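Please read the structure below before turning to the comments.
The values are calculated or read from the model by the stated rules, or taken from the named source; none is laboratory data. Everything numeric here is computed off the predicted structure, so don't read it as measured data. Quick reminder, even Gly has a Cβ in these numbers, built from the backbone with ideal geometry, and neighbours come from all protein chains shown.
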């Protein structure tokens with residue numbers, strides 16, 4: 001009997017070892033490859049090219065019926081969107097190291113790694129560089145990969161980020177204990193964005209500015225362009241729009257992510273909270289208060305005395321919170337939380353009161369009626385795609401995600417109607 005027991009135990013152990021040997025795991029992760037460019041290469045690489053397909057889209061921007069879609073670190077797709085049901089790509093503006101954009105009159109402002117560049121965009125098929133402010137940005141991040149300027153050697157140290165999917169043999173027990181993934185670098189969103197004044201938000205913006213999404217790192221107000229890095233706000237004087245000049249720089253602390261202007265205030269989204277700045281003197285914004293929260297990512301939009309803040313977790317964002325916070329900002333020196341609503345993984349958002357749109361990352365798009373801050377009602381949940389950021393334009397909604405650009409008619413906010421889609425060349429993992 002004892003021999004039989006030993007024999008059975010031996011067979012069981014062999015079986016378990018066999019299980020370990022046969023375990024396979026599919027991993028999708030980001031691969032970082034160091035690379036170096038000279039400053040001259042970057043500056044000489046700007047040019048207008050023939051239209052190309054979307055591959056890795058970033059933020060979106062619109063003005064006068066034209067749509068701009070950032071191709072992360074590559075440049076900008078220029079699209080004629082005067083017929084939302086049939087958008088037509090007319091050109092690609094190659095800008096090495098581009099992530100952000102804003103438009104005043106017919107002047108496009110865009111970053112190119114270390115420089116701010118001003119373009120004349122009156123002819124979308126023949127965009128011309130007008131001026132640039134050189135060496136004004138020292139470092140940055142795209143899709144989790146870092147770059148930095150070595151001004152002395154006049155080079156950019158960059159990281160090429162690629163999404164890699166592998167199927168590998170692994171230890172079964174180890175896979176379970178580590179959530180099914182060992183040494184994975186999960187896709188995160190550190191792209192930045194743009195949010196400018198527009199009639200939908202009730203902000204007193206000139207009609208000469210364009211409109212962007214909530215993941216803002218560039219914005220316009222009065223005679224200034226405001227840009228935020230992870231720790232600083234850099235101002236540019238654009239009294240002469242074609243010739244921007246470097247202005248004041250404001251230290252804001254670490255973890256800065258987005259900027260949203262509302263009237264003469266600036267709402268800054270950071271990983272540790274929402275900062276409110278008085279911008280009544282546009283040349284010198286002054287911090288008024290901070291609404292603190294758990295360490296997570298948080299874009300913000302504002303309507304009258306309410307701020308809507310989405311908090312999400314992630315490897316870069318850290319934390320474990322996924323929710324919408326509605327904040328009372330009637331007293332800008334003492335913002336207070338009114339109510340939190342559970343979400344799955346909220347990213348960008350847009351407000352065309354009372355319509356509230358929230359991108360849920362891999363979980364799609366949700367629409368809400370925000371008439372009552374204490375009882376925000378979900379109207380519709382669209383799934384089957386990744387939603388990163390939105391721009392509501394009164395009747396049509398512009399949406400960008402890792403798998404493409406979508407355009408909806410939201411005349412009936414309970415049932416959005418798809419008008420058009422521009423797909424990416426290949427899908428990217430949801431974050």
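Tell me whether segment 333-349 contains one or more residues that are modelled with pLDDT of 95 or more, buried (at least 19 other Cβ atoms within 10 Å of the Cβ) and outside any loop (DSSP other than H, G, I, E, B). Taking every residue of segment 333-349 in turn, at least one turns out to be modelled with pLDDT of 95 or more, buried (at least 19 other Cβ atoms within 10 Å of the Cβ) and outside any loop (DSSP other than H, G, I, E, B). Return the total of residues in segment 209-239 being in contact with a strand residue (DSSP E or B) (Cβ under 7 Å, 6 or more places away or on another chain) and either in a strand (DSSP E or B) or surrounded by fewer than 17 Cβ atoms within 10 Å (Cβ to Cβ) (or both). The number of residues fulfilling the criteria is 20. Among the residues of segment 240-256, the ones that are farther than 16 Å from residue 286 by Cα and surrounded by fewer than 24 Cβ atoms within 10 Å (Cβ to Cβ) come to 8 in all.
For residues that are part of a loop (DSSP other than H, G, I, E, B) and touching a helix residue (DSSP H, G or I) at 6+ places or on another chain (Cβ under 9 Å), scanning just segment 119-135, find the one that is farthest from residue 65 (Cα to Cα). Top of the filtered list is 135. Checked against the criterion of being touching a strand residue (DSSP E or B) at 6+ places or on another chain (Cβ under 6 Å) and closer than 22 Å to residue 162 by Cα, the candidates 62, 89, 53, 38 yield just one match: 38.
The set of residues in segment 376-422 that are exposed (fewer than 15 other Cβ atoms within 10 Å of the Cβ) and within 18 Å of residue 68 (Cβ to Cβ) contains only 421.
Residue by residue through segment 376-431, note down the ones that are closer than 26 Å to residue 164 by Cβ, in a loop (DSSP other than H, G, I, E, B), at pLDDT 95 or above and in contact with a strand residue (DSSP E or B) (Cβ under 7 Å, 6 or more places away or on another chain). 385, 386, 388 - these are the residues of segment 376-431 that are closer than 26 Å to residue 164 by Cβ, in a loop (DSSP other than H, G, I, E, B), at pLDDT 95 or above and in contact with a strand residue (DSSP E or B) (Cβ under 7 Å, 6 or more places away or on another chain). Listed conditions (1) within 30 Å of residue 28 (Cβ to Cβ); (2) out of contact with any strand residue (DSSP E or B) (no Cβ under 8 Å at 6 or more places or on another chain) are all met by residue 144, apart from (2).
Applying a threshold of 6 Å to beta carbon distances and a minimum spacing of six or more residues, or different chains, the list of pairs starting in segment 303-321 at a residue that is on the phi < 0 side of the Ramachandran plot and assigned to a loop (DSSP other than H, G, I, E, B) and ending at one that is surrounded by fewer than 17 Cβ atoms within 10 Å (Cβ to Cβ) and at pLDDT 85 or above reads 305/330.
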